[in-house]
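Read through the structure below, which is laid out as structure tokens, and then see the notes.
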Amino acid sequence: LNCNGVIRHISSYIDGELEATVVEEIELHMRQCRDCTILVQQTRLTVHLYYDSDLVDFPADVQARLHKTLRKKIREERK
Amino acid sequence: MTADDHQFHAFAKMVGQGPHSVSLPVPRLARHTWFDNAAQIATSPAVPGRRISESRTAAGSSKYMASRCGVVLCYFSGAKHPTGLLANLVKTLTLSTPNPHRLPSKVAREDEHLLVAAAKSGDITAFEELVNRYERKIFRLTMNITRNREDAEDAMQDAFMKAYSHLDKFHEDSRFYTWLVRIAANEALMRLRKRRPNQVSLDEPIEGEDDFIPQQIQDWGPSPEQRYAQTEMRDILRSVIEELSPDFRVVFVLRDVEGLSTGETAEAVGISEAAVKSRLLRARLKLRQKLDRHLRQDGKH
């Protein structure tokens, strides 16, 4: 397995979706390749940083309009 | 005194408080949690007044409802599940002080299906509680997909309305939240495609690998995220994800921000699982590359 092979599998490797033999090959490669080790680390951190991240504000006016609209539509629907 | 009254008084005695006869305030109970027995209330972190001991669990088919803020504890009688029998609410009594803390996620998951059951049987308050619980996350999702506030707001409103109208089609073997995310993702994608018809494809994996093979790998140092203030990090993450093309962003947001499975993401976007995997790989690598500009050690000291 070369660097490109590791890159192709990096996502599944992080998610633990690979067969044990492929995992072994990747880890064998990583022991000899600093770049790939860092790449895996950084990709993993990237995923970690974004997981359930609160990057969007929820403005009060958006919330108020949602509640108003839902109440109105539900009332209409129940008629 | 009816049998219900006797049971109620026994229950009131059990929780150590006098009964207050209250005219059914159910529609005003914005946040509530259902319990099968008093022991569940006693051990639930959602209710602050944990004075109900297991040995004194009320017998039979009684059900209890505790408001999420812990103010009102309601006692139900009747053999059927009380969610469909709000008229069976016999008495309420005040218990303890309000609890301003949010429900832990485990409890939130556990009582989700009870709220859904109540909403299905026509309890609007229960549906409102579901809205309160997930509105922030759903808006985050529709914003992350559309990157347009007006579209995101419309998509969120329509998603909740569709969820309400189609509640009867929701199968309780899956999580309500996942179902809601799928609806919201569809609404957001529809609007995104309308605005950028040529940029969002429904096709199979986008081939070509050369564009993301990383160059000049450099260490980010230990805990690069800690070198930045929380708000600064948030700005970096936000600007970086905005640069991602919609095809990649949608898949990344569903899989890695919202935590949907590959299959769920495939279904929501309308592409194959192979396409999800391929796009996710590319999205992750592209994001890493873009983050590299900010996080590499020589970028900031």
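Before moving on, here are some points about what is shown:
- Residues in the range B:111-121 that are surrounded by fewer than 19 Cβ atoms within 10 Å (Cβ to Cβ) and over 17 Å from B:SER174 (Cβ atoms): 1 in all.
- Residue that is modelled with the lowest pLDDT, among those in the range A:9-26 that are loosely packed, with under 15 Cβ neighbours inside 10 Å and either more than 12 Å from chain B (Cβ to nearest Cβ) or assigned to a helix (DSSP H, G or I) (or both): A:GLY16
- Test: A:LEU39 is surrounded by 15 or more Cβ atoms within 10 Å (Cβ to Cβ) and either at the interface with chain B (Cβ under 9 Å from one of its Cβ atoms) or within 14 Å of the chain's Cα centre (by Cα) (or both): yes
- The residues of the range A:65-78 that are exposed (fewer than 10 other Cβ atoms within 10 Å of the Cβ) and either on the phi > 0 side of the Ramachandran plot or more than 9 Å from chain B (Cβ to nearest Cβ) (or both) amount to a single one, A:GLU76.
- Identity of the residue in the range B:160-175, in a helix (DSSP H, G or I), of a type outside the set (Gly, Ala, Ser) and touching a helix residue (DSSP H, G or I) at 6+ places or on another chain (Cβ under 8 Å), that ends up farthest from B:MET190 (Cα to Cα): B:ASP168
- Candidates are the residues of the range A:42-64 that are part of a helix (DSSP H, G or I) and within 7 Å of chain B (Cβ to nearest Cβ); the one that is nearest to the chain's Cα centre (by Cα) is A:VAL47.
- Options B:THR178, B:THR146; residue that is surrounded by fewer than 19 Cβ atoms within 10 Å (Cβ to Cβ), more than 10 Å from chain A (Cβ to nearest Cβ) and either at pLDDT below 95 or under 16 Å from A:LEU66 (Cα atoms) (or both): B:THR178
- In the range B:256-276, the residues that are in a helix (DSSP H, G or I) and either more than 9 Å from chain A (Cβ to nearest Cβ) or out of contact with any Leu (no Cβ under 9 Å at 6 or more places or on another chain) (or both): B:GLY263, B:GLU264, B:THR265, B:ALA266, B:GLU267, B:ALA268, B:VAL269, B:GLU273, B:ALA274, B:ALA275, B:VAL276
- Residues (buried (at least 20 other Cβ atoms within 10 Å of the Cβ) and either of a type in the set (A, V, I, L, M) or at pLDDT 50 or above (or both)) located in the range B:91-110: B:LEU95
- Verdict on B:ALA152 being touching a residue at least 12 places away in the same chain (Cβ under 8 Å) and farther than 20 Å from B:ARG196 by Cβ: no
- Criterion violated by B:ILE124 - all others in (1) surrounded by fewer than 20 Cβ atoms within 10 Å (Cβ to Cβ); (2) modelled with pLDDT of 90 or more satisfied: (2)
- Every test in (1) more than 12 Å from chain B (Cβ to nearest Cβ); (2) part of a helix (DSSP H, G or I) is passed by A:LEU1 save one, and that test is (2).
- Taking the range B:108-159 as the range and being aliphatic (A, V, I, L, M) and closer than 23 Å to B:ASN186 by Cα as the test, the residues that pass are B:VAL116, B:ALA119, B:LEU130, B:VAL131, B:ILE138, B:LEU141, B:MET143, B:ILE145, B:ALA152, B:ALA155, B:MET156, B:ALA159.
- When the residues of the range B:238-255 are filtered to those that are without any contact (Cβ under 8 Å) to a residue 40 or more places away in the chain and closer than 15 Å to B:LEU281 by Cβ, the one that is nearest to the other protein chains (Cβ to nearest Cβ) is B:PHE252.
The values are calculated or read from the model by the stated rules, or taken from the named source; none is laboratory data. Since the structure is predicted, the reported quantities are computational estimates derived from the model, not experimental observations. Please note: Cβ atoms are built from the backbone with ideal geometry, for glycine as well, and neighbour counts cover all protein chains shown.
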